[in-house]
1. What's the number of the condition PRO87 fails, among (1) at pLDDT 90 or above; (2) under 30 Å from SER211 (Cα atoms)?
2. Give segment 116-154 a look and list any residue that's under 17 Å from the mean Cα position of the chain (by Cα), crowded, with 18+ Cβ neighbours inside 10 Å and of a type in the set (Phe, Trp, Tyr), or say none.
3. Quick check on my filter: what residues within segment 184-211 are under 15 Å from GLN254 (Cα atoms) and of a type in the set (Asp, Glu)?
4. Whether any residue in segment 71-86 is more than 21 Å from the chain's Cα centre (by Cα), of a type in the set (A, V, I, L, M, F, W, C) and either under 16 Å from ILE143 (Cβ atoms) or not assigned by the TED database to the domain that holds GLU132 (or both) is what I want to check.
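The values are calculated or read from the model by the stated rules, or taken from the named source; none is laboratory data. Treat the numbers as computed from the prediction; the structure is a model and nothing was measured. Neighbour counts are summed over all protein chains in view; Cβ atoms, including those assigned to glycine, are modelled from backbone coordinates with ideal geometry. Ligands, DNA and RNA are excluded from the accessible area calculation, which covers all protein heavy atoms including side chains. Shrake-Rupley method; radii C 1.70, N 1.55, O 1.52, S 1.80 Å.
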Amino acid sequence: MSNKEGGGHGRGSGGFRKRKHDNFPHGQRREGKDVNSSSAVMVAFKLFQQELDTRHDKYERLVKLSRDITVESKRTIFLLHRITSAPDVEEIMNESESKLEAVRQKIKQVAQELWGEDMYQYHRAITPGLQEYVEAVSFQHFIKTRSLISVDEINKQLVFISEDTGEENDTISSDLDDKPLCTWSLKVTPVDYLLGVADLTGELMRMCINSVGNGDIDTPFEVSQFLRQIYDGFSFIGNTGPYEVSKKLYTLKQSLAKVENACYALKVRGSEIPKHMLADVFSAKAEMIDREEGIS
């Protein structure tokens with residue numbers, strides 16, 4: 001009985017101890033370490049490595065350019081906010097235009113990096129900068145015209161013709177047919193445009209509060225009507241759009257509520273509250289709305 005049990009135990013433990021690769025000689029298991037570096041497979045993989053390194057380097061350069069575009073666009077937005085209190089509006093608008101032109105030169109470098117490439121392979125690297133640029137240029141356009149700039153108008157400004165016909169053109173692929181060698185362009189995608197416009201609503205809300213604090217009673221009503229139209233437009237998209245769009249719809253709704261609350265206070269209590277205290281009243285109401293939204 002004990003021999004049976006011992007034999008059974010031995011067979012069982014032996015089965016667990018044995019591995020598949022133990023059936024192969026020791027030398028064969030290490031086969032493949034000494035691979036011929038000049039073989040076709042190794043040559044192909046070296047080419048793959050070079051291509052991946054090139055793409056990675058390009059991606060990193062685009063990330064840095066996108067950061068520069070974001071920073072300069074934010075500075076333009078901060079500058080435009082001074083319009084509510086500055087006496088010389090024309091000077092600020094001219095300065096903002098020169099800043100946006102500098103941003104476009106950065107976007108031109110992005111277009112040159114993406115020449116002959118599929119933009120969507122590098123879209124994650126450049127989308128933060130493009131969204132911030134859309135926000136800045138649409139904010140400037142609203143201040144000028146009290147209307148929303150279209151994506152086609154934005155893309156028209158992102159067509160660049162280089163005056164340099166030297167070294168830059170040597171880096172461009174020569175298999176181009178009708179397109180001039182010295183022309184670059186970059187198109188803002190519909191998603192980047194929508195996300196930039198959604199961020200614009202927050203800047204318009206701040207502009208509304210600042211305007212009231214400086215005694216401007218008309219701007220809040222203009223901003224309120226404009227934000228209502230944008231919110232209605234985003235509502236048509238609903239859950240069918242990208243996740244980021246539906247996510248920013250909540251922030252858009254908050255900005256609209258703050259502006260409408262300011263307009264309500266102006267209409268009902270505007271004559272009772274001194275102009276220099278209006279901004280404080282609206283800020284307090286805005287904080288109350290934020291607390292209520294947090295509770296709900």
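1. Here PRO87 meets the rest and fails (1).
2. TYR122, TYR133, PHE139
3. Answer for segment 184-211, where residues must be under 15 Å from GLN254 (Cα atoms) and of a type in the set (Asp, Glu): ASP199, GLU203.
4. Let us first name the residues in segment 71-86 that are more than 21 Å from the chain's Cα centre (by Cα), namely 81-86.
In the following step, the residues that additionally are of a type in the set (A, V, I, L, M, F, W, C) were identified as 83, 86.
In the following step, the residues that additionally are either under 16 Å from ILE143 (Cβ atoms) or not assigned by the TED database to the domain that holds GLU132 (or both) were identified as 83, 86.
Scanning segment 71-86 turns up at least one residue that is more than 21 Å from the chain's Cα centre (by Cα), of a type in the set (A, V, I, L, M, F, W, C) and either under 16 Å from ILE143 (Cβ atoms) or not assigned by the TED database to the domain that holds GLU132 (or both).
Conditions tested, residue by residue: (1) modelled with pLDDT of 80 or more; (2) touching a helix residue (DSSP H, G or I) at 6+ places or on another chain (Cβ under 7 Å); (3) open to solvent by less than 60 Å² (accessible area, probe 1.4 Å); (4) not β-branched (Val, Ile, Thr).
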{"site": "CYS208", "(1), (2), (3), (4)": "yes, yes, yes, yes"}
{"site": "GLY215", "(1), (2), (3), (4)": "no, yes, yes, yes"}
{"site": "ASP218", "(1), (2), (3), (4)": "yes, no, no, yes"}
{"site": "PHE221", "(1), (2), (3), (4)": "yes, yes, no, yes"}
{"site": "TYR250", "(1), (2), (3), (4)": "yes, no, no, yes"}
